[in-house]
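So the structure is just underneath, and the comments pick up after that.
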Amino acid sequence: MLDPERSIAWTDAALQSFAVRFEYPIYFTRHAFDPANPCLRQAIARLEPDKRHRLAVFVDDGVLLACPDLPASILRYARKQPASLEVAGDIVAVPGGEAVKNQHDCVEHVLRELSARRIDRQSCVMTVGGGAVLDAVGFAAAIFHRGVRHIRCPTTVLSQDDSGVGVKNGINAFGCKNLLGAFSPPFAVINDSAFLDALPDRDKRAGMAEAVKVALIRDAEFFGWLEQEADALARFAPNALDALVRRCALLHLRQITQGGDPFETGSARPLDYGHWSAHKLEMLTRNALRHGEAVAIGVALDARYSVLARLLREGDDARIGRLLRKLGFRLWDEALELRDAGGRRRVLAGLADFQEHLGGELTITLLEEIGRGVEVHDMDEALIEQAIRWLRTFSTARTH
Ligand SMILES: NC(=O)c1ccc[n+]([C@@H]2O[C@H](COP(=O)([O-])OP(=O)(O)OC[C@H]3O[C@@H](n4cnc5c(N)ncnc54)[C@H](O)[C@@H]3O)[C@@H](O)[C@H]2O)c1
Ligand SMILES: [Zn+2]
């Protein structure tokens, strides 16, 4: 169509198209900062093997408390590899847990430290910490110089089996979880199982909820394995925990690398089964519930809902709930009872938040069988109400 006065085609858009390939290694290792361990050296040198790389290091203060020798180990590691790496400036402690994602000056602080160290796009940022610290420092790394290399060393079960291996970073803002952030694949991920030894039981358990979740939507055999190993996992037996972390991480990665939508441009969040209520519960409890603890509740709630919606076989909901309880999760929190001024349960607002995050049609993953998720575009509030009541009873019922 032409503008008659200027003879310019109004609709003459020159569509541009290009693809960018992302690659990053995930190491499963133990004692990453033992000078004999090659993982970090290999990770840093993987694009320019003959260059000496500068490394800015950030460590979760909870990890520092549990592993006070860590900074000395990192510095010793670097000293033993003078040809390939150099730690730039002091190692920086970052507040651990959700606080780092709620206080925006933390991101600014990280950016200032990167600037002071003159970190460039061939230098590396390395973060050792839980999912919250990885998310916040990862966000800073993603926007500094429009994105610098970020090596993640996740130190919790949840960050090793889920958040730390993926492509998202972010912080909370205006009362909404992960409102600000960036899709930015890491340069490398080093999953060091020795960090899990230092982790409080509560955090060891929390990360298992993501394994139950991903098994439910993608892998029935893994779900069977979780049931079989539930006693060992509930005791945090290291071999069982290592196997859970590895399998869960690889399932998440399969979705990201082969699912066709790594940067979530569509309306679906296929890995977020059980998360619409979980994210809301985290906010409603002001993070008294850990992410994984809230996910366990959300997973059980949506399992019951799936039965009520006639998608999932009756009895599978109780089977899922039994596994979660056997792993030590509490499937009830009083925040589920909170109501707004109109008497509506506040957790229900999680559905709208979920939709808003992606835009487009509401898309929620439910279950059509154990091991297979199914997307729906509507949830019936009356059925959610019934599912919440069921959960309240189930959470304290004798299960065997
Ligand atoms: N980016 C993503 O794709 C993604 C996915 C899922 C979850 N997340 C985010 O991850 C966060 C939760 O992460 P998390 O479960 O790892 O918990 P966390 O980062 O909140 O850490 C929990 C606590 O454990 C401490 N800690 C960490 N490692 C330790 C260790 N080895 N020994 C002793 N203490 C240690 C921390 O200091 C903190 O106090 C949430 O903010 C959630 O939104 C992000
Ligand atoms: Zn999650």
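Suppose all protein chains stay in the model; what accessible area per residue would a 1.4 Å probe give for the chain, in Å²?
On a per-residue basis, the chain sits at 46 Å².
Taking a temperature of 37 °C and a viscosity of 0.692 mPa s, what whole-number D in µm²/s does Stokes-Einstein yield for the chain with Rh from Kirkwood over alpha carbon pairs?
Translational D for this selection: 148 µm²/s.
How large is ³J(HN,Hα), in whole Hz, for each residue of segment 275-290 in order, when computed from phi with the Karplus curve 6.51 cos²θ - 1.76 cosθ + 1.60 and θ = phi - 60°, using x for Gly and Pro?
Those phi angles translate into 8, 4, 7, 4, 4, 5, 5, 4, 5, 5, 8, 6, 6, 5, 8, 5 Hz.
Given R₀ = 25 Å, what would the calculated FRET efficiency be for residue 265 paired with residue 13, taking r from the Cβ atoms and rounding to 0.05?
Efficiency, from the Cβ-Cβ distance: 0.80.
Note down the relative contact order for segment 184-253 as a percent, whole number, built from C-alpha pairs under 8 angstrom at least six residues apart.
Once normalised by length, the contact order is 34 percent.
Can you give the Kirkwood hydrodynamic radius for segment 228-326, in Å, rounded to one decimal and based on Cα pairs?
15.3
So what's segment 285-400 giving for Rg/Rh, alpha carbon basis, Kirkwood Rh from the mean inverse pair distance?
Rounded to two decimals, Rg over Rh is 0.95.
If you plug each phi of segment 211-222 into the Karplus form 6.51 cos²θ - 1.76 cosθ + 1.60 with θ = phi - 60°, what whole-Hz ³J(HN,Hα) values come out, in order, with x for Gly and Pro?
5, 4, 4, 6, 4, 5, 8, 10, 8, 4, 5, 4
Quick one: length gained pulling residue 76 to residue 231 fully straight, 0.36 nm per residue minus the C-alpha distance?
Working it through step by step, the gained length comes to 51.9 nm.
Each residue of segment 346-352 in turn: what ³J(HN,Hα) in whole Hz from Karplus with 6.51, -1.76, 1.60 and θ = phi - 60°, glycine and Pro shown as x?
5, 4, 5, 5, x, 5, 5
If amide H atoms are built 1.01 Å from N in the plane of the peptide, which residues on other chains or at least 5 residues away come under 5 Å of the amide H of residue 312?
Residues meeting the amide H criterion: 307.
Going by a ≥ b ≥ c, the root eigenvalues of the Cα gyration tensor, does segment 1-119 fall in the rounded group (a/c under 1.5), the prolate group (a/b larger than b/c) or the oblate group?
In terms of gyration-tensor shape, prolate.
Rounded, prolate or oblate: which one fits segment 174-304, using the alpha carbon gyration tensor with axes a ≥ b ≥ c (rounded when a/c is under 1.5, else prolate when a/b beats b/c, else oblate)?
rounded
Would you check the accessible area of residue 109, probe 1.4 Å, heavy atoms only, in square angstrom rounded to 10?
Rounded to the nearest 10, that gives 70 Å².
Rounded to the nearest 5, what % of DSSP beta bridges with both residues in the chain are antiparallel?
Here the antiparallel bridges make up roughly 35 percent for the chain.
Spin-label point model (7 Å from Cα, Cβ direction): what's the residue 386 to residue 47 distance in nm?
5.4
How much of the accessible area of the chain, probe 1.4 Å, is carbon plus sulfur, in whole percent?
50
So in segment 38-183, what percent of DSSP beta bridges are antiparallel if you round to the nearest 5?
Of the beta bridges lying entirely in segment 38-183, close to 25 percent run antiparallel.
For segment 283-400, what's the relative contact order in percent, using C-alpha pairs closer than 8 Å and at least 6 residues apart?
Computed value for segment 283-400: 30 percent relative contact order.
Okay, helix-only estimate at 222 nm for the chain: each DSSP H run of n ≥ 4 adds -39500 (n - 2.57), divide by all residues, round to 500 deg cm²/dmol; what do you get?
Dividing the helical sum by the residues of the chain leaves -13000 deg cm²/dmol.
Can you give me the relative contact order of the chain as a percent, contacts being Cα pairs under 8 Å and 6 or more apart?
13
Can you give me the Cα centroid spacing of segment 102-155 and segment 273-301 in angstrom?
One Cα centre to the other: 26 Å.
Could you check which residue among 273, 24, 305 shows the biggest mean-square fluctuation in a GNM of the chain with a 10 Å Cα cutoff?
Comparing 273, 24, 305 in a Gaussian network model of the chain, the most mobile one is 24.
Most fluctuating residue of 300, 232, 19 in a GNM of the chain with Cα springs under 10 Å: which is it?
Looking only at 300, 232, 19, the biggest GNM fluctuation is shown by 19.
What spacing in nm lies between the two simple spin-label points modelled at residue 108 and residue 340, each 7 Å away from Cα in the Cβ direction?
It works out to 3.2 nm between the two label points.
I want to check the label-to-label distance for residue 242 and residue 311. Put each point 7 Å from Cα in the C-beta direction and report it in nm to one decimal.
In this crude spin-label approximation the distance works out to 3.7 nm.
Please report the base-10 log of the normalised intensity I(q)/I(0) for segment 47-97, using a Debye sum with one equal scatterer per alpha carbon and no solvent, at each q in 0.13, 0.17, 0.21, 0.23 (1/Å).
After summing over all Cα pairs, the log10 values are -0.35, -0.56, -0.76, -0.85.
Near the amide H of residue 173, under 5 Å away, which other amide H atoms are found, from residues 5 or more places off or on another chain, if H is placed in the peptide plane?
When sequence neighbours closer than 5 places are left aside, the close amide H contacts are 178, 179, 180.
Around residue 28, what is the net charge, scoring Lys/Arg as +1 and Asp/Glu as -1 over all other residues with Cβ under 9 Å from its Cβ?
Summing Lys/Arg as +1 and Asp/Glu as -1 gives 0.
Taking amide hydrogens as modeled 1.01 Å from N in the peptide plane, which residues meet the under 5 Å criterion relative to residue 93, leaving out close sequence neighbours?
For residue 93, whose amide H was placed from the backbone, the distant partners under 5 Å are 59.
Please compute the length gained on full extension between residue 330 and residue 36, using 0.36 nm multiplied by the number of residues separating them and subtracting their Cα-Cα distance.
101.7 nm
The values are calculated or read from the model by the stated rules, or taken from the named source; none is laboratory data. Here the structure is a predicted model, which is why all the values come from computation and not from measurement. Cβ atoms come from the backbone with ideal geometry, glycine included; neighbour counts cover every protein chain shown. Accessible surface areas use protein heavy atoms only, side chains included; no ligands, DNA or RNA. Shrake-Rupley method; radii C 1.70, N 1.55, O 1.52, S 1.80 Å.
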